[in-house]
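Here's the structure we're looking at; comments come further down.
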There are 2 protein chains.
Amino acid sequence: MATLKDVAAECGLTVTTVSRVLNNRGYISKNTREKVEAAMKKLNYRPNEVARSLSKKSTKTIGVIVPHIRHPYFAEMISNLENAASKQGYKIILCNSRGKSEMEKKYLEMCSSNRVAGVIIFSGGVALEDFIGSNIPIVTVERFIESGTAGVECDNSEGGCLAAKHLIEKGCKNILHISGVNENAMPADERASSFMQVCDEAGVVHREVATDIQVYENQDYTDFLYETLKKNSDIDGVFASSDLIAAQLIQVLTKLGRRVPEDVKIVGFDDVFIASITTPSITTIHQPIKEMAETAVRILIDASEGKTVAKKTVLPVKIVERETT
Amino acid sequence: MATLKDVAAECGLTVTTVSRVLNNRGYISKNTREKVEAAMKKLNYRPNEVARSLSKKSTKTIGVIVPHIRHPYFAEMISNLENAASKQGYKIILCNSRGKSEMEKKYLEMCSSNRVAGVIIFSGGVALEDFIGSNIPIVTVERFIESGTAGVECDNSEGGCLAAKHLIEKGCKNILHISGVNENAMPADERASSFMQVCDEAGVVHREVATDIQVYENQDYTDFLYETLKKNSDIDGVFASSDLIAAQLIQVLTKLGRRVPEDVKIVGFDDVFIASITTPSITTIHQPIKEMAETAVRILIDASEGKTVAKKTVLPVKIVERETT
């Protein structure tokens, strides 16, 4: 890799002059600028951002720690985070913790050692006490963190409420809610509480089952769903806590000879692209993934610049009606 | 952020001694080590990897440039790349080019300025001539690049062959191949040629249609598929060049009153997780995504260390039979 020295030697100027051209500092004649630029091009010179980061004490890098990259919700979130960061001139280092506490810790240390501007960390089950006082802003998304800088969530409570009301309006009398992993308290838990409240108020029978962590990690809910439907064969409506669960529920119901939406109606959660490519397509609660990503990036950059930021931001959800209801 | 100097002051030792403890260099007494470690913990000190990278001229970072993060194929590939890189002590900077030439160029420059060990770049339509001689190893995946360091592909030709044979064995007489974007020559083009050859040899009617770039970028093939099926209403088998297309094809066929697999059989490509969550689930050509990711990372690291690497690596595919055939 060509250095500043090589460029200076190539065009017969001093390193100081070349550096001035590069940083656009002070007066530089048109002739000098052209000479330097020609030499840079010839030698394929690229400014060393590592050196620049060290002297400026800022890397324009955001660490992003997710429990799963290939889960469609996280894939869409990462895509939006990268987009939002890139627009602000930031790059992202992507870390996949696989929901493991020791991996999250290792990645947080790595991010810290690499002097990232901050870390955006997602729903996962890990205590972050070790990072109190690490001076790196930590923005959480859909995750409680007592000591984090700021949290971004969607309106989970409203989501559960909308799902219950919609299923009741469509005539369901006996509704099952399949909730996510419930080992750790998470903002998503509010979906279940508001769902139950609406059902109770309407006098509709409801029950709740939670998936376990193994199933969540494999993304394969088939056995779990067969078991659940065997035990709850009388249901006529399901509120699933992700579109991924809803998609697999359509498969299992079809195999059991129950028609969707005629016999059982389904509402999912997230509104990731799989909700629109299943047959039938999935009615779901739309999470504002793009806006959540943009908010997380904005808050992180503001916090890293020492600005005061909102401790908690809740973004609205809405229902998107498709074919499963 | 605490510095080495702060740690030295805290434990009453010299910066040199603290640095020796940190780098495990020379003799250090147990007592000294414990003192230094206690001070580091107290001050929440993290070694500065930026400074270390600058002095070692190596960042242990890999740039990954994809055209789409949220496309399930790329989401699974990124997940496997992150995993393979992490096992080797490397981190990844993720870049989403949206298939745009100017974005790819910008990201390649950014990676180069940030002194990454190398770049892994995916199928996309951009000339990389500017980067000949940039001294960064560039590993391409499913993409031709004359001047890149190395290319990793799956056996696309065998994939097309397996798909055609399978549909013919299942009794199809009139097969449509929906190929990907064909603006630029890509290794994936070989799927179509071998597919046609097998059909010709078996005396089976076949025709080919290509999706366009807009449809690929939106991931919404619905209108395109309606149009295609209207023009080709007599087909009884489809070989789709991605599982994403296959999933949407099930939707459109169902709406047109044609049953899958009774009236029309479908074979997809990729074997990403959506192939197993649709109703019916999709018979598909399995790309060895994990192995391709591991190979790309290994070749990149070897090349960055100056080792001689294979110019082209082709990994095997296989057919996974599910319900659409």
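Quick note: the coordinates plus some simple rules give every number you see, no bench work behind them. Everything numeric here is computed off the predicted structure, so don't read it as measured data. In this analysis, Cβ positions are derived from the backbone assuming ideal geometry, glycine residues included, and neighbour counts consider all displayed protein chains.
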### Query
Inter-copy label distances at residue A:234, 7 Å along the Cα→beta-carbon direction, one decimal in nm, shortest first?
5.5
### Query
What ranking, highest mean first, results for peptides B:229-242, B:302-315 when packing means the other Cβ atoms within 10 Å averaged over each residue?
B:229-242, B:302-315
### Query
From the label point of residue B:27, set 7 Å along Cα to the beta carbon, how far off in nm is each other copy's matching point, shortest first?
6.2
### Query
When Rg is the radius of gyration of the Cα atoms in segment A:1-135 and Rh is its Kirkwood radius, what does Rg/Rh come to?
1.15
### Query
With labels modelled as points extended 7 Å from the Cα through the Cβ direction, what inter-label distance (nm, one decimal) is found for residue B:263 paired with residue A:109?
6.1
## Note on the structure
Relative contact order of segment A:156-286 (C-alpha contacts under 8 Å, at least 6 apart) in percent is 27
### Message
Can you compute the label reach from residue B:217? Point 7 Å from Cα along the Cβ direction, backbone N cut-off under 20 Å, restricted to segment A:63-77.
### Response
A:76-77
### Task
Using only Cα atoms, find the angle between the long axis of helix A:243-255 and the longest principal axis of chain A, and express it within 0 to 90 degrees, rounded to the nearest 10.
40
### Task
Quickly work out the residue A:290-to-residue B:98 label distance, labels modelled 7 Å from Cα along the C-beta direction, and quote it in nm with one decimal.
1.0
### Task
Treating the angle as unsigned and between 0 and 90°, give the value, to the nearest 10°, between the Cα long axis of helix A:189-202 and the longest Cα principal axis of chain A.
30
### Task
Can you tell me which of B:84-95, B:30-41 comes out highest on packing, and rank the rest after it, using the mean Cβ neighbours within 10 Å?
B:84-95, B:30-41
### Query
Given springs between every Cα pair under 10 Å in a Gaussian network model of chain A, which of A:253, A:108, A:81 has the largest fluctuation?
A:253
### Query
Which whole number of Å³ per residue matches the convex hull of the alpha-carbon atoms in chain B?
160
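Report the calculated FRET efficiency for residue B:308 and residue A:3 (r = Cβ-Cβ distance, R0 = 41 Å), to the nearest 0.05. It would help to have the intermediate numbers written out before the result.
Details: r = 26 Å, r/R0 = 0.64.
Once the sixth-power term is evaluated, E becomes 0.95.
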### Within straight-line cross-link reach of residue B:5, lysines at Cα separation under 22 Å, skipping those fewer than 8 residues along the same chain
A:56, A:57, B:30, B:35, B:41, B:42, B:56
## Note on the structure
Averaged over residues of A:44-57, the number of beta carbons from other chains lying within 10 Å of each residue's Cβ is 6
### Query
Over the Cα atoms of segment B:4-47, Rg to Rh with Kirkwood Rh, two decimal places?
0.90
#### Entry: Label distances, nm, residue B:321 versus same residue in remaining copies, Cβ-directed 7 Å point
4.3
### Whole-percent pair-distance distribution, where bins are 10 Å wide, for the alpha carbons of segment B:156-286
13, 49, 35, 3
### Query
How big is the protein assembly as shown by the Kirkwood estimate over distinct Cα pairs, in Å?
27.0
### Query
Hey, with R₀ at 22 Å, roughly what FRET efficiency would residue A:298 and residue A:83 work out to, going by the Cβ-Cβ distance, to 0.05?
0.95
